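Engineer: Below: one structure in structure tokens.
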Amino acid sequence: MQLYNTLSRKKETFSPIKSKVGFYSCGPTVYHFAHIGNLRSYIFADILKRVLEFNQYKVKHVMNITDVGHLTSDADEGEDKMLKGAKREKKTVWEIAEFYTKAFKEDMNKLNIIEPNIWCKATDHIKEQIDMIKKLEKNGFTYTADGNVYFDTSKLDDYGKLAKLNLNAETKSRVKKDKNKKNKHDFVLWFTKSKFDKQEMKWDSPWGEGYPGWHLECSAMSSKYLGKQFDIHTGGIDHIPVHHTNEIAQSEASFGKKPWVKYWLHGEFLVLKEEKMAKSIGEFLTLQSLIDKKYDPLDYRYFCLGTSYRKPLTFSFEALDSAKNALNKLRNKILEMLEYPDVGKKDTEKYIEDFQVNINDDLNTPKALAAVWGMLKDEKVNNKDKYKTLIEFDRVLGLGLEEIKLNELPEEIQNLITEREHARLKKDFKKADDLRDKLKNKGYLIEDTDKGVRWKKA
Ligand code: AMP
Ligand code: ZN
């Protein structure tokens, strides 16, 4: 298996540290619904996990829930996201966190994303985060200024290696610089001086009552569940310059192990008319907004699989329609395969090989889908083998293909088809045509063939 490692900017052959793969995905900040861009990132992580399992690896997957209010800017500036959500909805931050965590898990479920083995909430791991700051303090990587504890990035000789940061470059920043920082990239490990009125989430600590900086939770929780060194860490590309860079700094300064994580994988952004989607902008597309427009959540999953996770993906409803049509075509093919499991030459090997080579080439899902369609169009392969192979491929694709069953017709639809058959037998073609239209409106296309009436989903 080849995976593109952001750390080396190269595709590398995957080889786990121990037999079980340790895999950590940065999870959502639960102050609002996830937008479909966020969900693209989790579909990518899901495909990665499924490909690992397809290759017979056992995987321990951990995902965090960020429920401590971190700031709208990654660089310790801006508004507290959780507080913003609470104000907007006139709820407590705890209620906001609970509500949007549940909503996120429901979205994952609808998209056939396999749940991680371990979910961990930042607010359940304050002690672990405080312990980590103590360790960093002991190792000489911190300083305190104006009540806050900072990480001193100048103490590391390779700070910024993930993002290949140029530490001397001046950046134009619209936000006011924190005068307490000794170095431009230093970041807060523990806030005691809250800039916000009514800060609800606060804990006691050796440095005073306050709350942890955002980056800390991922270092503290991943080491708790996966050990001080593990295999894979994922997130969106926006995490490279600050969040993941700072996770690496804290972890390597604390554990002394280099590299802390062997493979860093980052998903490119979903974009809308050339602009990235951001929850903080306020207006965004959720999975529910697609469902309201009569899309199946798996249409969106299929749409994401059509592009490599390392390429930006521009969202449009036309493109989503094409994905929907392709998925429906795939489902209809399955019904056909189930209904006519004819005999014939068995030759699925080359497609299996093609599929495997492509998913193992840094999760090339578009080419893997091409292998699927290549097999489906090949008339020399019998339907029974096609079906068996397709279901095997779906362990990676996660399109719920095994759930498609021949006699899955809802009773109401079955009754309408029978009624139409009776009308046809009585030569009442007007009624038969009306019923065909009615069925079409309900999403079923009816075809009269030599072998009898056939239906498929529109
Ligand atoms: P957040 O809840 O803001 O921490 O974001 C959750 C995940 O979504 C992170 O891994 C981000 O990198 C990722 N993300 C944010 N915006 C987008 C986008 N437009 N396209 C793809 N991934 C995104
Ligand atoms: Zn993280």
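Engineer: Within the set of pairs 6+ apart or on separate chains, which have a first residue in the range 223-241 that is open to solvent by 60 Å² or more (accessible area, probe 1.4 Å), a second that is away from ligand 2 (no atom under 13 Å from the Cβ) and of a type in the set (A, V, I, L, M), and C-beta atoms under 7 Å apart?
Structural biologist: Partner pairs satisfying both residue conditions: Q229/I17.
Engineer: Has the range 318-335 got at least one residue that is farther than 24 Å from D46 by Cα and assigned to a loop (DSSP other than H, G, I, E, B)?
Structural biologist: No.
Engineer: Return yes or no: is W214 within 16 Å of ligand 1 (Cβ to nearest atom), open to solvent by 20 Å² or more (accessible area, probe 1.4 Å), modelled with pLDDT under 95 and within 30 Å of T92 (Cβ to Cβ)?
Structural biologist: Considered against the rule, which asks whether it is within 16 Å of ligand 1 (Cβ to nearest atom), open to solvent by 20 Å² or more (accessible area, probe 1.4 Å), modelled with pLDDT under 95 and within 30 Å of T92 (Cβ to Cβ), W214 comes out as yes.
Engineer: For the range 16-31, indicate whether the set of residues that are within 16 Å of ligand 1 (Cβ to nearest atom), out of contact with any Asp or Glu (no Cβ under 6 Å at 6 or more places or on another chain) and more than 25 Å from D231 (Cα to Cα) is non-empty.
Structural biologist: Within the range 16-31, the first condition is being within 16 Å of ligand 1 (Cβ to nearest atom), and the residues that meet it are 23-31.
When the remaining residues are screened for being out of contact with any Asp or Glu (no Cβ under 6 Å at 6 or more places or on another chain), the result is 23-29, 31.
Filter once more, so that each one left must be more than 25 Å from D231 (Cα to Cα): 31.
The answer is yes, given that some residue of the range 16-31 is within 16 Å of ligand 1 (Cβ to nearest atom), out of contact with any Asp or Glu (no Cβ under 6 Å at 6 or more places or on another chain) and more than 25 Å from D231 (Cα to Cα).
Engineer: Sort out which residues of the range 93-113 are modelled with pLDDT of 85 or more and under 30 Å from F151 (Cβ atoms), and write them in order of number.
Structural biologist: Within the range 93-113, W94, I96, A97, Y100, T101, F104 meet the criteria.
Engineer: Hey, another quick one. So which residues in the range 9-24 are surrounded by fewer than 24 Cβ atoms within 10 Å (Cβ to Cβ) and within 16 Å of ligand 2 (Cβ to nearest atom)?
Structural biologist: The one that is surrounded by fewer than 24 Cβ atoms within 10 Å (Cβ to Cβ) and within 16 Å of ligand 2 (Cβ to nearest atom): G22.
Engineer: For residues that are open to solvent by less than 50 Å² (accessible area, probe 1.4 Å), farther than 22 Å from I446 by Cα and either in contact with a Leu (Cβ under 6 Å, 6 or more places away or on another chain) or among the aliphatic types (A, V, I, L, M) (or both), tally how many sit in the range 310-347.
Structural biologist: 5
Engineer: Looking at (1) within 18 Å of the chain's Cα centre (by Cα); (2) at pLDDT below 95, can you tell me which one R331 breaks?
Structural biologist: (1)
Engineer: Note down all Cβ pairs under 6 Å where the first residue falls in the range 376-389 and is of a type in the set (A, V, I, L, M), the second is open to solvent by 10 Å² or more (accessible area, probe 1.4 Å), and they're at least six residues apart or on different chains.
Structural biologist: Here the result reads L376/K333; V381/D347, each pair linking the range 376-389 to a residue that is open to solvent by 10 Å² or more (accessible area, probe 1.4 Å).
Engineer: Considering only the range 153-165, I want to know if a residue exists there that is modelled with pLDDT under 90 and either surrounded by fewer than 22 Cβ atoms within 10 Å (Cβ to Cβ) or part of a loop (DSSP other than H, G, I, E, B) (or both).
Structural biologist: The answer is yes, given that some residue of the range 153-165 is modelled with pLDDT under 90 and either surrounded by fewer than 22 Cβ atoms within 10 Å (Cβ to Cβ) or part of a loop (DSSP other than H, G, I, E, B) (or both).
Engineer: Related question: Looking at E408, E447, E412, E403, can you tell me which residue is acidic (D, E), at pLDDT 90 or above and surrounded by fewer than 15 Cβ atoms within 10 Å (Cβ to Cβ)?
Structural biologist: Just one listed residue meets the conditions, E403.
The values are calculated or read from the model by the stated rules, or taken from the named source; none is laboratory data. Please read these numbers as outputs of a predicted model, since none were measured by experiment. Every residue, glycine as well, gets a Cβ built from its backbone with ideal geometry; the counts of neighbours run over all protein chains shown. In case anyone asks, the SASA skips ligands and DNA or RNA and just uses the protein heavy atoms, side chains included. Shrake-Rupley method; radii C 1.70, N 1.55, O 1.52, S 1.80 Å.
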